[in-house]
Amino acid sequence: MTNLPNKPLIYDLDISQIGYSLASWSEPVYRASQIWNGLYVNLWNKPEQFTNLPLQLRNNLETYYSFSYLAPEIERHSIDRMTEKILFRLHDGEAVETVLMKYKTRAGKRERNTVCISTQVGCALGCIFCATGQMGFRRNLSSGEMIEQVLHYARHLRNYDQQITNIVVMGMGEPFLNYDEVMRAITQLNNSDGFNFGARRFTISTVGIIPGIRRFTSEHRQINLAVSLHAADNALRDKLIPINGKYPIEELLNACHDYVLETGRRITFEWALIEGVNDTTEQAHKLAQRLQLFRINSVTLCHVNVIQLNPTKQYDGTGTKTKQALIFQDIMERENIHCTVRTRRGIDIEAGCGQLVAEKTKIWLQK
Ligand code: SAH
Ligand code: SF4
């Protein structure tokens, strides 16, 4: 039987919702745990794999639910094989990207495998340097569509006896503008009877949606938070990130400060270095000064991640050269602000947020 697009995606259901379906088919509720285990521990993605269930139930699952909304359409590996990227075609014809980044660690230590997932098709916020922003907003992803991105790579890595070690919510879209579905996905992946992925191994990146940060703060989750700053004053940030007009930098940093005070957790600031734009010593000093707010009892509860900009088609800024990136880092460190220069990953495969979709779906974008 084919997967009709109007069938609900099984990953959009939590275990109690699976239980309701079972009840409506007069099946015992304990079968919900078997299905859950099949989906999230065995990583099965076809009804026929559930051989521990009676045939009638397997048929019902097939008839009433879809086991996949995401069809891999383009898969790319970077030349060094350390970054992989997939463009998934969604059941309604839209497309999103998911990235796997592998990290070698010292001998004897477990390898790190970070999966970067998308939360929306496109993004409404239009940051000028971002390929996703350049394509505009199409729709939100459901929790199940986010979960399916993760399970895809979990299955892939299992073939090499490996596991996902970190999940970063840093792909296409603004997670805090799809808050409920993002948290549903994380909660479901965190479930200890299922995928059991520790909350501390998730990182959510937001462009700085203040109500989202405040809500996240009040919920006291163990998930890591990263905020995309990219400029140290409103004049520059307004130009790069239009939503700064609504959530200006002082208010944003106040919300971040409240988060740190209330949760005791460190926060990360992201900064894509653009040559001659935000990589100047003036911007670095301004940033370091602003972040003194996060030095609490001589401990700095923030971290700055700088990355050289990935070039995109519709923005003519270029990435800062390594020498200037190190000068920027040095200024931060001298002011007691931890700063890491992150290596650009998979630049040869358009691994930057939204770049592959932008490149490969021009016709789709012109609709
Ligand atoms: N909307 C969220 C998460 C998705 S973007 C956010 O903005 O934080 C994830 C990160 O990629 C953000 O820090 C974003 O600023 C950065 N980014 C976007 N385009 C980029 C590019 N061309 N080069 C480098 N980083 C980029
Ligand atoms: Fe949206 Fe983030 Fe891209 Fe800005 S950087 S357009 S918020 S995805």
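The values are calculated or read from the model by the stated rules, or taken from the named source; none is laboratory data. Note that this is a predicted model, so its numbers are computed, not measured. Methodologically, a virtual Cβ is constructed for each residue, glycine included, from the backbone with ideal geometry; neighbour enumeration extends over all protein chains shown. We work out accessible area using only protein heavy atoms, side chains counted, and drop any ligands, DNA or RNA first. Shrake-Rupley method; radii C 1.70, N 1.55, O 1.52, S 1.80 Å.
From the set of residues in segment 82-135 that are open to solvent by 20 Å² or more (accessible area, probe 1.4 Å) and of a type in the set (Ser, Thr, Tyr), which is farthest from the chain's Cα centre (by Cα)? This residue is Thr105. Comparison of Thr318, Thr322, Thr300, Thr340 shows that the only residue that is among the polar types (S, T, N, Q) and open to solvent by less than 20 Å² (accessible area, probe 1.4 Å) is Thr300. Residues that are modelled with pLDDT under 65 and within 16 Å of ligand 2 (Cβ to nearest atom) within segment 309-360 comprise Glu350, Ala351, Gly352, Cys353, listed in sequence order. The listed residues are Asp92, Asp80, and the only one of them that is in contact (Cβ under 8 Å) with a residue 60 or more places away in the chain and among the charged types (D, E, K, R) turns out to be Asp92. Contact map, segment 300-317: first residue more than 14 Å from Gln329 (Cα to Cα) and β-branched (Val, Ile, Thr), second residue more than 8 Å from ligand 1 (Cβ to nearest atom) and part of a strand (DSSP E or B), Cβ cut-off under 7 Å, separation 6 or more or different chains; pairs are Thr300/His338.
Residue under question is His285, and the condition is that it be open to solvent by 60 Å² or more (accessible area, probe 1.4 Å) and either under 22 Å from Val341 (Cα atoms) or touching a Gly at 6+ places or on another chain (Cβ under 7 Å) (or both); does it hold? Considered against the rule, which asks whether it is open to solvent by 60 Å² or more (accessible area, probe 1.4 Å) and either under 22 Å from Val341 (Cα atoms) or touching a Gly at 6+ places or on another chain (Cβ under 7 Å) (or both), His285 comes out as yes. Could we say that Ser205 is among the hydroxyl-bearing types (Ser, Thr, Tyr) and away from ligand 1 (no atom under 11 Å from the Cβ) here? Spelling it out, it is not the case that Ser205 is among the hydroxyl-bearing types (Ser, Thr, Tyr) and away from ligand 1 (no atom under 11 Å from the Cβ). Answer yes or no as to whether Ala226 is hydrophobic (A, V, I, L, M, F, W, C) and over 29 Å from Ala124 (Cα atoms). No; evaluated as a whole, the condition is false for this residue.
Can you tell me which of Asp180, Asp161, Asp238 is without any contact (Cβ under 8 Å) to a residue 40 or more places away in the chain and on the phi > 0 side of the Ramachandran plot? Give the derivation first.
Working: Asp180 fails: on the phi > 0 side of the Ramachandran plot; Asp238 fails: on the phi > 0 side of the Ramachandran plot.
Being without any contact (Cβ under 8 Å) to a residue 40 or more places away in the chain and on the phi > 0 side of the Ramachandran plot holds for just one of Asp180, Asp161, Asp238, which is Asp161.
One residue alone among Ile210, Ile243, Ile267, Ile223 is in contact (Cβ under 8 Å) with a residue 60 or more places away in the chain, among the aliphatic types (A, V, I, L, M) and either in the same structural domain as Ala131 (by TED's automatic domain parsing) or open to solvent by less than 10 Å² (accessible area, probe 1.4 Å) (or both), and that residue is Ile243.
State whether one or more residues within segment 63-71 are surrounded by fewer than 20 Cβ atoms within 10 Å (Cβ to Cβ) and in a helix (DSSP H, G or I). The answer is yes; a qualifying residue exists.
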